[in-house]
Amino acid sequence: MFSAAATGQGLRQPGELGEKGVTVTTQGTAAGLVDWRTVERLTALIPAGPSASRSARASSVAVLRRSAQEAPAWVARITGLNRAAQQVAETTRVSVVDRAGLVRASTRALRGLMEQVPAPPASEAIQLVGAAEVAGAMSLLATRLLGQVVPGP
């Protein structure tokens, strides 16, 4: 399986440096309701996608990259949103990733969204339940999606 997604190198933990050297804090946000290290461990158990030969993978990646490059022009032609489509074409980075890469990117994007939502502090038990819920959702989605657009960092 291949997907167009922004890739990440694992999840940031509270107290670690995030983007642009800013310390990551999840306390007081919805991201603090989840034990992200547990999410990472649980999602590592998600089965790999279907196997394919090296040439089939290379061909699929080439088609996905070409399609992603051509998509803004099609959107502009169909919708008339020429300026917006041009901005997308000039600023979007496409990464073709396997299932594990899709899960990492999706989890990172979800955490980034949750860091913007205020929430009360959570107990360790609540964080573990949250981790199981996030990992379960990622498992369900990762085995059923053929592709996805994930906002990058």
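Which FRET efficiency value, to the nearest 0.05, is calculated for A119 and V94 with the Förster distance at 35 angstrom and r the Cβ-Cβ distance?
After rounding to 0.05, the efficiency reads 0.60.
Separation between the T143 and A48 pseudo-spin-labels, each 7 Å from Cα along Cα→Cβ, expressed in nm?
Modelled inter-label distance: 1.7 nm.
First check a/c for the stretch 74-120, with a ≥ b ≥ c the square roots of the eigenvalues of its C-alpha gyration tensor; if it is under 1.5, answer rounded, and if not, answer prolate when a/b is larger than b/c or oblate otherwise.
It is oblate, given that a/c is not under 1.5 and a/b is not larger than b/c.
Within the stretch 86-100, what residues put their amide N at less than 17 Å from the label point 7 Å along the Cα-to-Cβ vector of V75?
Only 86-96 fall inside the zone, counting backbone N under 17 Å.
If packing is taken as the mean number of other Cβ atoms within 10 Å per residue, what is the order of 80-86, 100-106, 137-143, 45-51, highest first?
Output ranking for 80-86, 100-106, 137-143, 45-51: 100-106, 137-143, 80-86, 45-51.
Taking the stretch 32-101 on its own, what percent of its Cα-Cα pair distances exceed 17 Å?
That tail contains 62 percent of the Cα-Cα pairs.
Using a/c under 1.5 as the rounded threshold, could you call the stretch 37-153 rounded, prolate or oblate? The axes a ≥ b ≥ c are square roots of the C-alpha gyration tensor eigenvalues, and prolate needs a/b larger than b/c, oblate otherwise.
The shape class here is oblate.
Read the figures in this text as sums done on the coordinates, not as results from a lab. In this text, all values refer to a predicted model and were calculated from it rather than measured experimentally. When we count neighbours, we look across all protein chains shown, and the Cβ atoms used for this are built from the backbone with ideal geometry, even at glycine.
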